[in-house]
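Note sheet for the following structure.
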Amino acid sequence: QSATLVARFRGRDALRPVLISNHMDVVEAKREDWTRDPFTLVTENGYHYGRGVYDNKLDVALTVSTLLRLKREGFVPAHDIILVLSGDEETEMKTTAALSKQFPGAALVLNGDGGGGTMAGDERAVVYSIQTAEKTYATFEIEVTNPGGHSSRPRKDNAIYQLADVLKRLEAYAFPVQSTEQTRAAFAFTGQQIGGSLGQAMQRFARNPSDLDAVAEISADPEYVGTLRTTCVATQLHAGHAENALPQKAVVTVNCRIFPGTPVNRVRDVLAEQVGLPLSSVREIGKGFGSDASPLSPAVMAAVRKAVDANFPGLPVIPTMSSGATDSLYFRAEGIPSYGVSGAYVDPQDDFSHGLNERVPVSTVARGLKHWYVLLTELTK
């Protein structure tokens, strides 16, 4: 059973509370694979090292430290500020599902496990991203069955061959292109930054999401293909029961990353339709979850603008959609707008989250503390 922590910073007015979300759990780390003990904080060469030091202990520490500072200073927010720390974001997210239902009518969620500043080296900031949406996921099994028989008597309707045909149809299918104001804004900015043919295609798409040439060029780049549409990909295969028997069953596991606002059941229906099998042959594994994008709240955007300016005046701030899921997924599903506003300012080359020798620059701690202090005081004053 996973732990949770909830702490309430009392406000002065009867306003809807502002939630701060982070997760306390981390992914597995094997001591023998690491250069340093992954569960002992080590500071060397301008970095803090340790499992979870970036994902997500940094923002856990930043937000707790900021709330303690506000308490010491006698700050009284207009809203209650509720710190909501989950315990299994990296696995089943059951604690998040429960926490998201405890605060119906909350004004918004500020999630430290999303967004953040992008650095080029330690000193030059490139952009600050506020996560306003995320692709959600669902996993399906597509199954082909057959009476089977002895391998010395081959039959035309071999289950493995049938599944191979299904896989080719799945490979060839592309879900319709989708966009939101967030993804279009992100493409407009990113296109200006990277330039070249791909950058021009991004800017054209931002102006006209129906530009098929722009879609084709962006889709050809694995870094950005997931930002245009729902994607489903085969990840596992299981077939047959004996080397001298015709297969009675062949199964493929298909993982889907679903564009915000798309129902999971609709994805299942499309898969069945495209692979040419009965709907009963496509079943969901576990329970997928969908959520809509959060609106670009003027109050939130203004507060983020001031928080970013506290470290890097004038740094561009863009809304983004994450390709993976965070705890915001469950809060958005409950109708609570959620925003990824991490205080981390990190060079992408230093991002070893979920990997070996995870680290964050020492310099990001002071920046992150300043970021959260301005953000919270602006949003709740």
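The values are calculated or read from the model by the stated rules, or taken from the named source; none is laboratory data. Note that the structure is predicted; figures quoted are calculated from it, not measured. Quick reminder, even Gly has a Cβ in these numbers, built from the backbone with ideal geometry, and neighbours come from all protein chains shown. These accessible areas exclude ligands, DNA and RNA; they are computed on the full protein's heavy atoms, side chains included. Shrake-Rupley method; radii C 1.70, N 1.55, O 1.52, S 1.80 Å.
List of remarks:
- Long-range neighbours under 8 Å by Cβ, at least six apart or interchain, first residue within 17 Å of Thr180 (Cα to Cα) within the stretch 194-208, second open to solvent by 70 Å² or more (accessible area, probe 1.4 Å) and among the β-branched types (Val, Ile, Thr): Met202/Ile194
- Complete set of residues in the stretch 256-278 that are among the basic types (Lys, Arg) and either buried (at least 18 other Cβ atoms within 10 Å of the Cβ) or more than 19 Å from Ser291 (Cβ to Cβ) (or both): Arg257, Arg268
- Beta carbons closer than 8 Å, at least 6 apart along the sequence or on distinct chains, pair a first residue in the stretch 168-185 that is surrounded by 13 or more Cβ atoms within 10 Å (Cβ to Cβ) with a second that is of a type in the set (Gly, Ala, Ser) and not in a loop (DSSP other than H, G, I, E, B) for Leu170/Ala234; Ala174/Ser219; Thr180/Ala133; Gln182/Ala133; Thr183/Ala133; Arg184/Ala206; Ala185/Ala206.
- Residue check for Arg257: under 20 Å from the mean Cα position of the chain (by Cα), at negative phi and either among the charged types (D, E, K, R) or in a strand (DSSP E or B) (or both): yes
- Scanning the stretch 38-61 for residues that are without any contact (Cβ under 8 Å) to a residue 60 or more places away in the chain and farther than 19 Å from Lys370 by Cα returns Phe39, Thr40, Leu41, Val42, Glu44, Asn45.
- Residue within the stretch 355-377 that is over 14 Å from Ala61 (Cβ atoms), open to solvent by 10 Å² or more (accessible area, probe 1.4 Å), free of Cβ contacts under 8 Å to residues at least 60 places away in the same chain and small (Gly, Ala, Ser) present: yes
- Condition met for Val177 (touching a Ser or Thr at 6+ places or on another chain (Cβ under 9 Å) and closer than 27 Å to Tyr54 by Cβ): no
- Any hit, the stretch 100-115, residues being in a helix (DSSP H, G or I) and either of a type in the set (Asp, Glu) or open to solvent by less than 10 Å² (accessible area, probe 1.4 Å) (or both): no
- If you filter the stretch 62-76 down to residues that are part of a helix (DSSP H, G or I), touching a residue at least 60 places away in the same chain (Cβ under 8 Å) and open to solvent by 50 Å² or more (accessible area, probe 1.4 Å), you find that the one that is nearest to Val26 (Cα to Cα) is Ser65.
- Subset of the stretch 21-36 (residues that are surrounded by 14 or more Cβ atoms within 10 Å (Cβ to Cβ) and more than 15 Å from Gly87 (Cα to Cα)): Ala29, Trp34, Arg36
- The number of residues in the stretch 118-149 that are over 22 Å from Val251 (Cβ atoms) and either open to solvent by less than 10 Å² (accessible area, probe 1.4 Å) or not small (Gly, Ala, Ser) (or both) comes to 15.
- The stretch 210-234, subset without any contact (Cβ under 8 Å) to a residue 40 or more places away in the chain and not in a helix (DSSP H, G or I), residue surrounded by the most Cβ atoms within 10 Å (Cβ to Cβ): Tyr224
- Qualifying residue in the stretch 37-53 (condition: open to solvent by 20 Å² or more (accessible area, probe 1.4 Å) and assigned to a helix (DSSP H, G or I)): no
- Yes/no for Val144 being in contact with a Ser or Thr (Cβ under 6 Å, 6 or more places away or on another chain), of a type in the set (A, V, I, L, M, F, W, C) and over 21 Å from His23 (Cα atoms): no
- Residue tally, condition within 15 Å of Gly116 (Cα to Cα) and open to solvent by 40 Å² or more (accessible area, probe 1.4 Å), over the stretch 324-351: 3
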